[in-house]
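The values are calculated or read from the model by the stated rules, or taken from the named source; none is laboratory data. As the structure is a prediction and not an experimental result, all values here were calculated from the model. Cβ placement follows ideal geometry from the backbone for every residue including glycine, while neighbour counts extend to all protein chains displayed.
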Amino acid sequence: MEIAFVLTTVETELGGIARSVPALAAAAARAGVPVRVFAVEAPRMTVGSELFAGEGSRLCRDRTELRAVLSRWASGGGAGRVLYHAGVWDPLNHFVARLGRRRGIPVIASPRSMLDPWALQHRRWKKRAAWWLYARRGFLGAAAVHATADLEARHVRAAGYTGPVFVVPNGIEFPPEIPRRPDRPPGAPRRILFLSRIHEKKGLPDLIAAFGRAAPRTWELVVAGNDDGGHEAVCRALAAEQSNAARIRFHGPVADADKWALYASADLFVLPSYSENFGLVVGEALAAGVPVITTTAAPWDDMLRRGCGWWIPPGPDPLAAVLREACALSVADRAAMGRRGAHWVRSVFGWDGVARQFVGALSNLREKSAT
């Protein structure tokens, strides 16, 4: 089996696909599966970049070159090849699906939250047109769909896909050593951390409003991440209106090398999203030993059973209520939650284990199709 991963973007600041798909490819390669990665160059590509130095992988100047490279690879022959693409709406997804049909190469599609209810309503008419013009045939015709959570698998079925769906989560790239929580100077505030793209789907205005209503005076809110589409200005304006505006700080973008120290500095992590296929930052925060508050739009309901976080409906009212509860816990209780979360995530979500699940799922699909 040889897997060709096709990326619509390797711009890591634009979201999880640019990080998680190259990392999956790298882990599959470590598992002994021949892998090629095809993508267009981008200035901010970090995860899995070593793959592009390998035999057969290509970083292309533009999409025209990428299509030509893919076409040559697909026409080269050889059994056991698989095309993998993430996303739904990019015309490149349609190109990959059509190329697979023409060359008889199975195509694995992975929607990566693009079929969840919030995402479908965002720019609704544009997506509806794209669905009927080209996206529908390509996605529904995939040989199989890779979902990163059971919730996403349900969205895939709701979209009308009737073929095989396998669920394998994203992995988490743990550093060799996760920083220890720094000693807090006397009188220093406790910290609530938001770390993600500052995009409207992430629900940051809900967190700012809830923090203004519910956070004790001994707490601060740190907002970290890159601005996406000018949404940071909206959030800054809302923060300035809060009575505790002086305790809301915008950190700016965070490099991969620096994010683990930022996690370690937090007492609570909050991702109040309206749409997530996985929520990588939730897993990272848990791995760093930080209790997490996130919404039912993210597939982290198992936090409740594991006793390491809160899983609540989106919106400022549920968030304000749970912030009061979480901030009122003792330091020891929050630390115990953090330890439980770290043990769980580090034992389950390492990339090498995830890659074995992924490769095993593809092998099972091949065996079933051959019988």
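Report, by residue number, each residue of segment 189-224 that is surrounded by 22 or more Cβ atoms within 10 Å (Cβ to Cβ) and either of a type in the set (S, T, Y) or over 26 Å from the mean Cα position of the chain (by Cα) (or both). S196, A215, listed by residue number. Considering segment 297-323, and only residues there that are assigned to a helix (DSSP H, G or I) and over 15 Å from P272 (Cβ atoms), the residue that is nearest to the chain's Cα centre (by Cα) turns out to be D302. Cβ-Cβ distances below 9 Å connect the following pairs, each with a first residue in segment 222-238 that is in contact (Cβ under 8 Å) with a residue 40 or more places away in the chain, a second residue that is in a loop (DSSP other than H, G, I, E, B), and a separation of six or more residues or different chains: V222/S265; V222/A266; N226/R197; N226/P253; N226/V254; D228/G15; D228/R197; D228/H199. Put simply, of D227, D256, D267 the only residue that is closer than 22 Å to P175 by Cα, in the same structural domain as W300 (by TED's automatic domain parsing), among the charged types (D, E, K, R) and surrounded by fewer than 22 Cβ atoms within 10 Å (Cβ to Cβ) is D256. Working carefully through the options P291, P253, P272, find the one that is in contact (Cβ under 8 Å) with a residue 24 or more places away in the chain and under 20 Å from A119 (Cα atoms). Matching residue, one of P291, P253, P272: P272.
Taking segment 32-63 as the range and being modelled with pLDDT of 85 or more, under 24 Å from G353 (Cβ atoms) and surrounded by fewer than 18 Cβ atoms within 10 Å (Cβ to Cβ) as the test, the residues that pass are G32, P34.
For (1) touching a helix residue (DSSP H, G or I) at 6+ places or on another chain (Cβ under 6 Å); (2) surrounded by fewer than 17 Cβ atoms within 10 Å (Cβ to Cβ), each residue gets a yes or a no:
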residue	(1), (2)
W132	no, yes
A147	yes, no
L151	no, no
V167	yes, no
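Residues in segment 103-130 that are touching a residue at least 40 places away in the same chain (Cβ under 8 Å) and of a type in the set (F, W, Y): W118 alone. The set of residues from segment 284-296 being under 16 Å from I172 (Cα atoms) and in a loop (DSSP other than H, G, I, E, B) comprises A288, G289, V290. Just checking, does segment 69-88 include any residue being hydrophobic (A, V, I, L, M, F, W, C), closer than 21 Å to A297 by Cβ, at pLDDT 90 or above and buried (at least 20 other Cβ atoms within 10 Å of the Cβ)? So far as segment 69-88 goes, yes, one or more of its residues are hydrophobic (A, V, I, L, M, F, W, C), closer than 21 Å to A297 by Cβ, at pLDDT 90 or above and buried (at least 20 other Cβ atoms within 10 Å of the Cβ). Among the residues of segment 304-318, not a single one is surrounded by 23 or more Cβ atoms within 10 Å (Cβ to Cβ) and farther than 16 Å from V345 by Cβ. Taking residues in segment 311-337 that are closer than 20 Å to W300 by Cα and not assigned by TED's automatic domain parsing to the domain that holds L286, and partners anywhere that are loosely packed, with under 14 Cβ neighbours inside 10 Å and β-branched (V, I, T), not one pair has Cβ atoms closer than 6 Å while being at least 6 places apart or on different chains.
G104 meets the stated requirement of being surrounded by fewer than 19 Cβ atoms within 10 Å (Cβ to Cβ), on the phi > 0 side of the Ramachandran plot and either at pLDDT 90 or above or not assigned by TED's automatic domain parsing to the domain that holds K126 (or both).
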